[in-house]
Amino acid sequence: MLEKALVGGRGYWRWILALGVVIALGLVSYLRQFAFGLGITGLSRDVTWGLYIAQFTFLVGVAASAVMVVLPYYLHNFKMFGKLTILGEFLAISAVTMCMLFIFVDMGQPTRVLNVMLYPTPHSLMFWDMVSLSGYLVLNVVISHVTLAAERNSVPPPRWIKPVIILSIPWAVSIHTVTAFLYSGLAARPFWMTAILAPRFLASAFSAGPALLILFCLVLRRVTRFDAGREPIQRLAIIVTYAMLINVFFVLMELFTALYSNIPEDVEHFTFLFVGLEGNTTLVPWMWASAVLSVVALVLLVNPRTRHDERTLAAACVAVFLGLWIEKGLGLIIAGFEPSPLGAVTAYTPTVPEISITLGIYAFGLLLITLLYKIALSVRGETAA
Amino acid sequence: MGQDRRGFLKLAGLAAVCATARESLTRLAGAAGTEPRPSAKAPKVRWAMVVDPRRCLEQQNCTACIDACDHAHNVPAFTNPRHEVKWIWKTRFDEAFPDQDSRYIDPALTSEAVLALCNHCDNPPCVRVCPTQATWKRDDGIVAMDWHRCIGCRYCMAACPYGSRSFNWEDPRPHIAHENPDFPTRTKGVVEKCTFCDERIDRGELPACVVACKEKALVFGDLNDPDSEVRRLLRTRFALRRRAGLGTQPEVFYLV
Amino acid sequence: MRDRGRIVTGLAVFVAVALAPVWQAALHGAARRPEPKIVTTAKQCVEPTAAMRRDHMDLLYAWRDTVVRRGQRTYLAADGKTVTMSLTGTCMKCHPNKKEFCDACHNYLAVSPYCWECHIEPKEKS
């Protein structure tokens with residue numbers, strides 16, 4: 001089945017080559033980081049996590065969102081998503097792989113990372129995150145492989161795969177819940193210590209992930225013969241709309257609780273994000289951009305006319321994805337450290353090597369998803385012929 | 001033909017996984033075997049420190065305790081404040097005690113005046129979150145570090161409400177002026193902090209900072225011994241603990 | 001089997017690369033197996049020499065875990081003697097010639113224990 005990824009037209013190979021270049025640049029930067037240490041990044045003793053961990057957090061959501069196509073299809077027999085499930089599962093595989101890479105590049109002693117398995121520590125959430133992420137990866141690899149192989153051979157998938165697929169649904173919820181618990185259980189970080197963090201993570205995941213899937217479907221329709229169909233995309237758009245509404249609602253609840261209670265250590269993090277604190281305004285333009293993008297996205301999504309038009313829908317999906325990327329992939333992690341528990345605001349700006357490593361991992365994820373989609377669509381082409 | 005190749009590749013992959021799995025399982029079993037168990041006859045000691053900021057302030061520019069600690073433990077002196085490594089250091093009153101209103105306090109206290117160090121909490125959040133038990137609470141209450149095991153994930157730094165943990169953002173060796181050959185340095189990519197001088201305590205000595213302080217502003221002792229100096233001080237004087245409301249139970253006390 | 005030529009060439013390249021150490025040794029002459037040079041006044045190490053040769057890394061790991069994780073610093077050797085468990089304080093006091101004692105074999109075997117990234121090696125005239 002893998003050989004399908006080795007046959008392709010000119011455009012295909014150009015795209016692969018371009019990704020390869022970005023990956024190579026990232027790899028070179030990583031080797032520099034490996035030799036020098038994490039001091040090559042913009043991180044500091046007060047802002048100890050940054051771009052890497054934030055991308056990890058964001059991508060866990062993208063990975064978990066596969067459940068939004070798998071659940072309707074398998075639990076509610078929603079046939080329309082039949083063609084999409086494999087795309088969702090492959091998106092999950094590539095997102096989880098990126099998550100693991102982002103964790104890996106954030107380690108000070110990467111060669112010792114298997115100590116997490118050598119000395120299993122159930123009282124650490126990081127241990128459970130490793131368990132749930134690797135389990136989710138295995139589940140999706142097995143499910144997508146078995147169902148695609150069955151499709152290729154024009155036979156129904158084996159019966160044992162059904163319970164595995166059902167298991168993957170709560171498992172998807174678990175990966176993002178456990179990831180939220182990484183943060184929400186820390187008394188030292190009031191910004192994260194909120195019971196709504198896990199539900200908020202899920203809401204943002206279930207809007208950003210399907211939005212990305214819609215964009216992928218639209219791209220695939222242009223560059224390949226695969227057509228997801230108008231109706232499934234519209235159904236996905238409704239999922240994006242509801243999830244985005246819930247996400248914005250949750251964020252407003254966080255704002256109300258912090259601002260109305262007026263407890264300084266709760267307010268300061270939001271001040272840092274939206275106004276700036278002690279003269280540090282690094283994230284202010286980003287956060288307002290995120291707010292504007294979210295509002296624009298909601299207007300385009302809630303309005304049936306703009307939602308039904310695939311061009312404005314695409315714009316809405318881009319706005320959802322970017323808005324949530326800023327909120328989760330920048331704001332959420334960095335603001336947890338600003339101010340520090342001792343009240344210090346330390347400037348954090350990602351450095352060039354840090355950004356290069358981040359882009360390299362994203363390119364790797366895109367490469368993975370390109371190859372996987374290529375395989376899936378080639379198999380489909382085969383069965384159709 | 002294609003089917004055969006697929007089958008072969010699958011089998012080869014599975015074999016590779018099994019081969020490595022066996023090795024890691026043996027290692028796992030071996031590692032579990034060598035894991036030290038707390039000895040049954042552990043002494044019921046609970047080490048703690050009492051800081052007297054007034055005595056400390058009598059020598060405004062004194063850094064004897066800091067220097068002694070830095071030298072004893074090869075603490076690197078990074079000039080870049082973002083990469084600073086701190087075991088015991090002086091800080092502002094409002095940073096040390098953010099939940100105490102310091103508006104009308106003696107101005108002498110609002111400058112860099114309060115000694116801060118790891119609180120060796122009885123309920124340490126750093127220990128709770130560490131995924132490899134590279135930091136853990138010893139039977140005598142010291143929150144210890146195993147620099148051989150730390151993977152540098154910095155979760156403990158996110159969890160510590162006191163900023164007591166530092167990370168080696170780069171190789172610390174070039175930043176140590178005078179190496180003490182009897183104590184290791186650290187390597188890049190691990191977290192470090194004050195260890196209450198566990199290496200000295202195990203030899204029956206007092207922590208280096210306590211010995212170095214001529215003003216006797218630092219008192220070290222056993223909280224479980226009602227006749228100890230720390231208990232006597234805590235009985236007769238009122239003491240603060242940093243951010244006591246978080247429930248971490250710091251075991252470094254500040255006399256008022 | 002029109003791929004025969006390519007397959008055979010590929011296999012030949014693989015075999016040549018895999019056997020690199022063998023033909024390297026044939027070309028340059030095999031490196032001589034080093035002997036650690038022992039310069040010490042002590043009659044015996046903490047355990048018999050044969051055991052030390054075979055298991056010194058296991059012993060060091062056991063010392064490391066006992067000292068760091070259990071806070072116990074005295075080692076009871078098989079012959080009843082007690083020593084302080086310390087790499088720099090005990091081992092290297094007897095074997096200050098790290099280059100000839102540790103590195104000679106470690107380099108030969110291409111292993112690089114990370115001890116000296118943190119522990120300070122004894123001063124040596126190079």
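The values are calculated or read from the model by the stated rules, or taken from the named source; none is laboratory data. If you're wondering where the values come from, they're calculated on a predicted model, not measured in any experiment. Ideal geometry is used to build each Cβ from the backbone, glycine not excepted, and the neighbour counts take in all protein chains shown.
Structural remarks
- Test set (1) modelled with pLDDT of 95 or more; (2) within 10 Å of chain A (Cβ to nearest Cβ); (3) touching a strand residue (DSSP E or B) at 6+ places or on another chain (Cβ under 6 Å) - B:T91 fails condition number: (1)
- Whichever residue in the stretch B:31-87 is at pLDDT 90 or above and among the acidic types (D, E) and, among such residues, is nearest to B:R231 (Cα to Cα): B:D52
- Residues of the stretch A:71-88 that turn out to be touching a Leu at 6+ places or on another chain (Cβ under 9 Å), in contact (Cβ under 8 Å) with a residue 24 or more places away in the chain and in a helix (DSSP H, G or I), as a count: 4
- Candidate set: the stretch B:148-164, residues that are in contact (Cβ under 8 Å) with a residue 24 or more places away in the chain and more than 8 Å from chain A (Cβ to nearest Cβ); chosen: the one farthest from the chain's Cα centre (by Cα): B:C156
- Criterion: touching a residue at least 24 places away in the same chain (Cβ under 8 Å), over 16 Å from the mean Cα position of the chain (by Cα) and under 30 Å from B:I201 (Cα atoms) - qualifying residue of C:T74, C:T90: C:T90
- Flag for A:F104 being surrounded by fewer than 15 Cβ atoms within 10 Å (Cβ to Cβ), closer than 25 Å to B:K188 by Cα and either aromatic (F, W, Y) or touching a strand residue (DSSP E or B) at 6+ places or on another chain (Cβ under 9 Å) (or both): yes
- Cβ pairs under 6 Å, 6+ apart, first in the stretch A:37-53 and over 20 Å from A:T111 (Cα atoms), second assigned to a helix (DSSP H, G or I) and not small (G, A, S): A:S44/B:R82; A:L51/A:E354; A:L51/A:T358
- Condition check for B:R128: of a type in the set (D, E, K, R), at the interface with another protein chain (Cβ under 8 Å from one of its Cβ atoms) and farther than 18 Å from A:S340 by Cα: yes
- Subset of the stretch A:141-176 [over 25 Å from the mean Cα position of the chain (by Cα) and of a type in the set (V, I, T)]: A:V155, A:I161
- Per-region count, the stretch A:302-333, residues in contact (Cβ under 8 Å) with a residue 12 or more places away in the chain and more than 20 Å from A:F58 (Cβ to Cβ): 8
- Checked against (1) within 14 Å of chain B (Cβ to nearest Cβ); (2) at pLDDT below 95; (3) touching a helix residue (DSSP H, G or I) at 6+ places or on another chain (Cβ under 8 Å); (4) under 25 Å from A:I369 (Cα atoms), A:D106 meets all criteria but (2).
- Only listed residue being of a type outside the set (S, T, Y), crowded, with 16+ Cβ neighbours inside 10 Å and away from chain B (no Cβ under 11 Å), chosen from A:I143, A:I166: A:I143
- Search result, residues across the stretch A:1-26 that are in contact with a helix residue (DSSP H, G or I) (Cβ under 6 Å, 6 or more places away or on another chain) and away from every other protein chain (no Cβ under 13 Å): A:A5, A:L19, A:V22, A:I23, A:L25, A:G26
- The set of residues from the stretch A:129-140 being within 12 Å of chain B (Cβ to nearest Cβ) and surrounded by 20 or more Cβ atoms within 10 Å (Cβ to Cβ) comprises just one member, A:D129.
- Taken over the stretch A:339-365, residues that are of a type outside the set (F, W, Y) and either part of a helix (DSSP H, G or I) or under 18 Å from A:V251 (Cβ atoms) (or both) amount to 12.
- Test: residue in the stretch B:72-88 that is within 12 Å of another protein chain (Cβ to nearest Cβ), surrounded by 13 or more Cβ atoms within 10 Å (Cβ to Cβ) and small (G, A, S): no
- If the condition is being facing chain A (nearest Cβ under 10 Å), part of a loop (DSSP other than H, G, I, E, B) and not hydroxyl-bearing (S, T, Y), then the stretch B:170-191 contributes B:E170, B:D171, B:P172, B:K188, B:G189, B:V190.
- One residue from B:C213, B:C197 being within 15 Å of the chain's Cα centre (by Cα) and not β-branched (V, I, T): B:C197
- Residues located in the stretch C:63-98, provided they are away from chain B (no Cβ under 14 Å) and surrounded by 13 or more Cβ atoms within 10 Å (Cβ to Cβ): C:A77, C:V83, C:C94, C:H95, C:N97
- Among residues of the stretch B:173-187 being more than 17 Å from C:P122 (Cβ to Cβ) and within 17 Å of the chain's Cα centre (by Cα), the one that is surrounded by the fewest Cβ atoms within 10 Å (Cβ to Cβ) is B:T187.
- Residue that is farthest from B:H73 (Cα to Cα) [pool: residues in the stretch B:131-145 that are surrounded by fewer than 22 Cβ atoms within 10 Å (Cβ to Cβ) and within 10 Å of chain A (Cβ to nearest Cβ)]: B:Q133
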